[in-house]
Structures are given as structure tokens and as C-alpha cells.
Amino acid sequence: MLSKRVIACLDVRDGNLAKSVKFVDTKDIGDPVEKAAQYYAEGLDELVFYDITASSDKRDIMLDVVERVAEQVFIPFSVGGGVRTIEDATNLRFAGAEKINVNSAAVQRPELIAECSHAIGAQSTVLSMDVKRAEACRDLPSGYEIVINGGRTPVGIDALTWALRGEELGAGELVVNSIDADGTKEGYEIELTRMIAEAVSIPVIASGGAGKPEHLAEVLTEGKADAALVASMVHYGEYTVGELKEYLYNEGIKVRLV
């Protein structure tokens, strides 16, 4: 059995580390480069970097910030925000990203997933999904809807349908980010994560809602996630990455310890 992963997420706005609650009330909280170095030293398994306003501002990702973060970590480094073309993905790879996250642009043009998968490999192509609860109906049978442009634009696409489509098009991994749970520190959206993890055969990263170590254990077992993404609980110094992984290990969950 593969080890479960703990992944830290750096949401970056205008070069600063930022954090929101349910994708609103975003505040700058520090330096992403310093945090990247800290989490790497603490034994982080993987780092995710999102330029959270690149898509909504219709601009390219800040490659200089990506490069500075990449210089600090020697673990898988995944980057997203404003990736619209193969050229964007290639530029990020040259800047130090091992994996490329596609989100809004892939919803608008699904062929982007297949193009990236063909150009850089499925193992480096990640479909990031921002998901919000919705009333179940014919078009949204799962009761979860895809939202793009940093949580600003619902698109009427069912989350489970989109996850399966992303896998079919060549994504090698899914990030399932619950807008409803984001920043609340009240726990992951277990039902959503489990539904998608049971439906696809590629790894699923649970995102949104982590507030205490028990939440990670729950989503990695009951939620059947392959990895748990954390942000607020480490950004604000409530827990270290090492403490989280030690807790999971003591709960009998296979993780990589430093």
C-alpha cells in the first residue's frame, strides 16, 4: 500500500501568501518562499502553489515567484493558476514545477487536459476542481457543482461527471477542493471526497476544511483520499507538518516520516 501524503497549499496573491474562508475575505498572511522552506524542513511530502487571481485577472502566472519557491524545496512541487496552454505548462516546468494544475481553463476547454497529458505526461497533469454543494437535479445529480475563476463562477457541471471526464482525458491526479469547507477548519467534505475517490482510479487529494489532525485521519480513511491538503492549520502555526504526520502514523496510517 502506498503511503498517504500530507500536502501544504500556498495560495499566492500578488506575490504574497494569502488565505480565505470559503473563497472570500482573502487576507495576505506572509511570504510563500519562507513557508515553502519551513514546510520542506518539517518533512512535507508535496507542495502545491496556486496563483489564485491569475484566472480571474486573465493574466499569466507569476513565474518569478514560482522559481523562488522551487529553489527551496526538493519534493514534488505542483503549480496552478492561469494555465491555459501547453506553453504555460512548459514555462512552469522550466520554472521548477514538477506537476501542472489545470482548473478554470480546462472547464472552458477540456482538450487542455489531453494536450497537457500528452506533452508532459499524465503523472504531471493534475485536474484541480473547485466544488460547491448544490441542489441535486438532472444536470447536477451528485448534488455538487463545479465553480471556476477562483470560486466566482458556477458553471452547471456536475462534479462527479467532471472528475470522470478529467480522468478520461488524461489527468493523472485530482485535487477535490470544497468551497463550502475552505478555511473553516471544521473538517473536509468527506462525502464529496469519498464519492469521487470511489469513482476514479487515479489519486485523489482532499482539499478544504482541515483544522486538526483528526480531520486528516478521517479523510484519508473514511474519505478514501490518497492525500490530504492543509493550509490554515500550518500557516498560522497551530500545527507543524511533523506533528501532523506523527499523529497519522500513531493512528496506523502509513506515512513517510523524516
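The values are calculated or read from the model by the stated rules, or taken from the named source; none is laboratory data. Since we're looking at a predicted model, the values are computed, not measured. Positions of Cβ are generated from backbone atoms using ideal geometry, with glycine treated the same way; all protein chains shown enter the neighbour counts.
I'm trying to understand the selection: among the residues of region 132-154, which are farther than 17 Å from Gly81 by Cβ, touching a residue at least 24 places away in the same chain (Cβ under 8 Å) and either touching a helix residue (DSSP H, G or I) at 6+ places or on another chain (Cβ under 6 Å) or acidic (Asp, Glu) (or both)?
Scanning region 132-154 gives Ser142, Tyr144.
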Of those in region 66-115 that are out of contact with any Leu (no Cβ under 8 Å at 6 or more places or on another chain) and of a type in the set (Lys, Arg), the residue nearest to Ile7 (Cα to Cα) is Lys99
Within the bounds of region 92-99, is there any residue that is within 24 Å of Trp162 (Cα to Cα) and modelled with pLDDT of 95 or more? yes
Would you pick out the residues in region 94-122 that are among the charged types (D, E, K, R), assigned to a helix (DSSP H, G or I) and either buried (at least 16 other Cβ atoms within 10 Å of the Cβ) or on the phi > 0 side of the Ramachandran plot (or both)? Glu115
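From Glu243, Glu167, which residue is closer than 14 Å to Ser128 by Cβ, in contact (Cβ under 8 Å) with a residue 12 or more places away in the chain, surrounded by fewer than 22 Cβ atoms within 10 Å (Cβ to Cβ) and not basic (Lys, Arg)?
Unique residue meeting the criteria: Glu167.
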Looking at (1) in contact with a helix residue (DSSP H, G or I) (Cβ under 9 Å, 6 or more places away or on another chain); (2) surrounded by 22 or more Cβ atoms within 10 Å (Cβ to Cβ), which one does Leu229 not meet, given that it meets all the others? (1)
